[in-house]
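Below you'll find the structure, written out as structure tokens, and then a few comments.
The values are calculated or read from the model by the stated rules, or taken from the named source; none is laboratory data. Note that the structure is a prediction, hence the values are computed from the model and not measured. Positions of Cβ are generated from backbone atoms using ideal geometry, with glycine treated the same way; all protein chains shown enter the neighbour counts. Accessible surface is based on the protein model in full, side chains and every heavy atom, while ligands, DNA and RNA are left aside. Shrake-Rupley method; radii C 1.70, N 1.55, O 1.52, S 1.80 Å.
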Amino acid sequence: AISPAHATNGTLKHVSSSAVASLDDSLVRSERNVQYEHELFDADRKFKERALVSSKDKYIAMYNRSLQDPDAFWSEIASEFYWETRWPEENGKVHFENFDVRKGPVKVEWFKGGKTNICYNALDRHVHAGKGDQIAFYWEGNSPGLDASLTYNQLLQQVCQLANFLKDKGVKKGDAVAIYLPMLMELPIAMLACARIGAVHSVIFAGFSAESLAQRVLDCKPKVIITCNAVCRGPKIINLKDIVDEALSISLAHGVSVDSCLTYANEVAMSREKTAWQDGRDIWYQDVISDYATTCDIEWVDAEDPLFLLYTSGSTGKPKGVLHTTGGYMVYTATTFKYAFDYREGDIYWCTADCGWITGHSYVTYGPLLNCAKVVLFEGVPNYPDAGRCWEIVDKYHVSIFYTAPTAIRSLMRAGLEPVKRHSRKSLRVLGSVGEPINPSAWKWYYEVVGDKRCPISDTWWQTETGGFMITPLPGAWPLKPGSATYPFFGVQPALVDENGKEIEGVCNGYLCIKGSWPSTFRTLYGDHARYETTYFAPFKGYYFSGDGCHRDADGYYWLTGRVDDVINVSGHRIGTAEVESALVSHPQCAEAAVVAVDHEVTGQAIYAFVTLKLGVQYSEELRTGLKNAVRHEIGAFAQPAKIHWAPALPKTRSGKIMRRILRKIASKELENLGDISTLADPHVVQELIDLTDV
Ligand code: WT7
């Protein structure tokens, strides 16, 4: 069973801050943004009058209270949910935290001892309040014309049927269930079914390869995996079942067997007859689910019982299993959703993220459903069949809150005005952005063209680890600046810290850290609490370190400037350089590889790989393709390098450390100031690499 086990020895044997690079690279971005610090975009009076938080003064009053008395602040909000047993308030405290590695194991608890269930709060609670006939999901398929919907009543029934199936297969509280599904309604249904019975879901984005899926299965050892046979994405058909079969045989070879593979027959993409099948293990979803009862008892769980695991990339090593627990996550995702999107009854909300990432957990599934929102789920991609698809969907469902990623905005921007103007978009009220810093020109296009200058943009900064929004505008409460996530959410204390771990005040650039916990703080890295402490709490003692660089301007606005560790952000997907390097090195002809990020017009960053071949191997285009395929095979297509740069050798210091700073400069063709290369073991390498740029 999965539990948020904490290290007990209290002392860290190995503390490294190697994950922290210099701020230089990320600062280049903020320089570019300086001119926008004085450009303010305020909501109109009518918007402000109706807004949940209608002025900066009101925000400040609430924010101050959230810091002065976090217990009172959050327990008041938590009381709006259903608790089977209320959390005990010992001396008025609802949370416990130790964020300082010097004071023993890092440990966070919110509402511990309280018993609740997030599925009950997201579904049953609304049904009991007479809202069962309201739409929960509008599902829009990959091809226009293919759609479906579920009311809260229907959703609850389907969740119960699947929950009963899982119980029948022996899944108990604390057991892991792997979910490898595209954006069908069965994906959030599966998450909620797990939550209902206290099982821990581990959703694996359906773009991951068999190797990656196997790695995650081996780590969390699920009893059941839920998948589908195939899916249409844009013009392509992806055979998911073959990937699952391969992953499960890899897992089996490593001693982990998964008893049941529940497979949804997505016959639009592939017939049952064509699907590879293993009798005894594989079960067609549609063959069994309707036999189960449409009601299912709730498993009341402790606020601190695990809700889910979600793997994410770091700068080193294998993916980390970020573990979130129930109570604090529930309270925080619901509250951030409500305030950051100025949510009110009647809103139709559409977030384009996939449930395979944290955004789809917190702001497709839990946050919106906990607010009884009407949610659009989209199976497809933003530019299929054409660049007008998003706005067609906005008009079709009268979407009022639209939440997407800068990469999507930039790719739609390239298609020009016509695909946008062709659709009315008059239902839109609030826009959102997430996943990477949004460049001011994309921000302005989003604001002026998509939102017709009437919709505030919530640029929400957060992470898989934080569970919910950390720095975000509250629509209407204060003026926006293009490219700034503005101010911290209630209860969040950002701190900008310098190289020496000293907090810096006022206008400055620094490493973005957070002081003190918030309800949806991740509690551990599954199976490796020491890595949790080392990665996030050891670099700056007493703080949570985000891995991002940040600038604070004279008005106190926060401007995220990008990762300062070796994490690359491609289209909002977080990819560790070490993972890509190890995938490249898995190719039999690759001796060594070093991966850096370069800026990219649409995807934000792109992966640029320097590859040293084994002795005697010749450069060839075929080999380039082979290397890219190695990454597709080990991680997934989304992590494929955009460029392979042949490297007779890599620039290393005398102690053998690869100088990525130099590689970054060569990759982005900034050859004027390569900096000091005299510390290299062999400075000639640099010119050799430059000469090979276009080979
Ligand atoms: C990293 C977290 C959080 C959901 C999606 C990604 C970057 C995310 C923003 C933003 C600037 C952002 C950061 C962060 N990031 N949102 N609004 N402005 N940067 O989750 O995969 O955990 O990645 O995404 O670099 O550390 P994730």
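Just name the residue that is most open to solvent (accessible area, probe 1.4 Å) out of those in region 382-418 that are hydroxyl-bearing (S, T, Y) and farther than 18 Å from C455 by Cβ. Full working, then the answer.
Narrowing region 382-418 to residues hydroxyl-bearing (S, T, Y): 384, 397, 400, 403-404, 407, 411.
Cutting the leftovers down to farther than 18 Å from C455 by Cβ gives us 384, 407, 411.
Numbers: Y384: 61, T407: 19, S411: 34 Å².
Only one residue tops the list, namely Y384.
Confirm whether A178 is of a type outside the set (F, W, Y), more than 17 Å from A373 (Cβ to Cβ), touching a residue at least 40 places away in the same chain (Cβ under 8 Å) and open to solvent by less than 20 Å² (accessible area, probe 1.4 Å). Let's see the steps before the verdict.
Numbers: of a type outside the set (F, W, Y): yes; more than 17 Å from A373 (Cβ to Cβ): yes; touching a residue at least 40 places away in the same chain (Cβ under 8 Å): yes; open to solvent by less than 20 Å² (accessible area, probe 1.4 Å): yes.
Judged against the criteria, A178 is a match.
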Any chance S149 is polar (S, T, N, Q) and in a strand (DSSP E or B): yes
Residues of region 669-695 satisfying the condition of being open to solvent by 30 Å² or more (accessible area, probe 1.4 Å) and either touching a helix residue (DSSP H, G or I) at 6+ places or on another chain (Cβ under 6 Å) or part of a helix (DSSP H, G or I) (or both): I677, H684, Q687, E688, I690, D691
A129, sole failed condition from (1) within 25 Å of the chain's Cα centre (by Cα); (2) surrounded by fewer than 24 Cβ atoms within 10 Å (Cβ to Cβ): (1)
Every residue from region 420-435 that is within 13 Å of the ligand (Cβ to nearest atom) and under 21 Å from G346 (Cα atoms): L431, G432
Any hit, region 84-92, residues being out of contact with any Gly (no Cβ under 9 Å at 6 or more places or on another chain), of a type in the set (A, V, I, L, M, F, W, C) and in contact (Cβ under 8 Å) with a residue 24 or more places away in the chain: no
Filter result for N371 (of a type in the set (S, T, N, Q), open to solvent by 20 Å² or more (accessible area, probe 1.4 Å) and within 12 Å of the ligand (Cβ to nearest atom)): no
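Can you tell which of D279, D287 is in a loop (DSSP other than H, G, I, E, B), of a type outside the set (V, I, T) and surrounded by fewer than 24 Cβ atoms within 10 Å (Cβ to Cβ)? Please lay out each step first, then the result.
On the way: D287 fails: in a loop (DSSP other than H, G, I, E, B).
Residue meeting the stated conditions: D279.
With respect to I438, is the statement that it is more than 25 Å from E109 (Cα to Cα), within 16 Å of the ligand (Cβ to nearest atom), open to solvent by less than 10 Å² (accessible area, probe 1.4 Å) and among the aliphatic types (A, V, I, L, M) true?
On the way: more than 25 Å from E109 (Cα to Cα): yes; within 16 Å of the ligand (Cβ to nearest atom): yes; open to solvent by less than 10 Å² (accessible area, probe 1.4 Å): yes; among the aliphatic types (A, V, I, L, M): yes.
Judged against the criteria, I438 is a match.
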Residues of region 452-486 classified as out of contact with any Gly (no Cβ under 7 Å at 6 or more places or on another chain), farther than 18 Å from A442 by Cβ and within 13 Å of the ligand (Cβ to nearest atom), total: 9
Close pairs from region 392-411: first part of a strand (DSSP E or B) and at pLDDT 95 or above, partner among the aliphatic types (A, V, I, L, M) and open to solvent by 10 Å² or more (accessible area, probe 1.4 Å), Cβ under 7 Å, at least 6 apart: Y403/V434
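Just checking, does region 505-515 include any residue being of a type in the set (A, V, I, L, M), in contact with an Asp or Glu (Cβ under 9 Å, 6 or more places away or on another chain), surrounded by fewer than 23 Cβ atoms within 10 Å (Cβ to Cβ) and over 17 Å from K103 (Cα atoms)? Please lay out each step first, then the result.
Of region 505-515, the ones of a type in the set (A, V, I, L, M) are 507, 512, 514.
Subset that is in contact with an Asp or Glu (Cβ under 9 Å, 6 or more places away or on another chain): 507, 512.
Going one step further and asking which of them are surrounded by fewer than 23 Cβ atoms within 10 Å (Cβ to Cβ), we end up with 507.
Among the residues that remain, those that are also over 17 Å from K103 (Cα atoms) are: 507.
Looking for residues that are of a type in the set (A, V, I, L, M), in contact with an Asp or Glu (Cβ under 9 Å, 6 or more places away or on another chain), surrounded by fewer than 23 Cβ atoms within 10 Å (Cβ to Cβ) and over 17 Å from K103 (Cα atoms), one finds at least one in region 505-515, hence yes.
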Residues that are in a loop (DSSP other than H, G, I, E, B), touching a strand residue (DSSP E or B) at 6+ places or on another chain (Cβ under 9 Å) and within 15 Å of F610 (Cβ to Cβ), drawn from region 638-668: P641, A642, A647, P648, A649, L650, P651, M659, S668
Members of region 441-472 that are more than 26 Å from A334 (Cα to Cα) and open to solvent by 10 Å² or more (accessible area, probe 1.4 Å): S441, K444, W445, E448, V449, D452, K453
Unique match (being under 21 Å from V564 (Cβ atoms) and among the polar types (S, T, N, Q)) among S668, S655: S668
Residue within region 358-368 that is away from the ligand (no atom under 15 Å from the Cβ), in contact (Cβ under 8 Å) with a residue 12 or more places away in the chain and open to solvent by 10 Å² or more (accessible area, probe 1.4 Å) present: no
Selected residue (criterion: most open to solvent (accessible area, probe 1.4 Å)) from residues of region 556-578 that are hydroxyl-bearing (S, T, Y) and not in a helix (DSSP H, G or I): S571
Long-range neighbours under 8 Å by Cβ, at least six apart or interchain, first residue at negative phi within region 627-641, second in a loop (DSSP other than H, G, I, E, B) and open to solvent by less than 10 Å² (accessible area, probe 1.4 Å): L627/P641; K628/P641; V631/P641
Residue in region 544-555 that is open to solvent by less than 20 Å² (accessible area, probe 1.4 Å), at pLDDT 95 or above, within 12 Å of the ligand (Cβ to nearest atom) and part of a loop (DSSP other than H, G, I, E, B) present: no
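Limited to region 317-355, what total is found for residues that are touching a Gly at 6+ places or on another chain (Cβ under 7 Å), part of a loop (DSSP other than H, G, I, E, B) and over 23 Å from A485 (Cβ atoms)? Talk me through it step by step, then tell me what you get.
Narrowing region 317-355 to residues touching a Gly at 6+ places or on another chain (Cβ under 7 Å): 320-321, 324, 327, 329, 332-334, 336-337, 341-342, 353-354.
Next cut, part of a loop (DSSP other than H, G, I, E, B) only: 341-342, 353-354.
Among the residues that remain, those that are also over 23 Å from A485 (Cβ atoms) are: none.
Adding up the residues that qualify gives 0.
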Members of region 579-606 found to be open to solvent by less than 30 Å² (accessible area, probe 1.4 Å) and in contact with an Asp or Glu (Cβ under 7 Å, 6 or more places away or on another chain), listed by number: A583, A593, A594, V595, G604
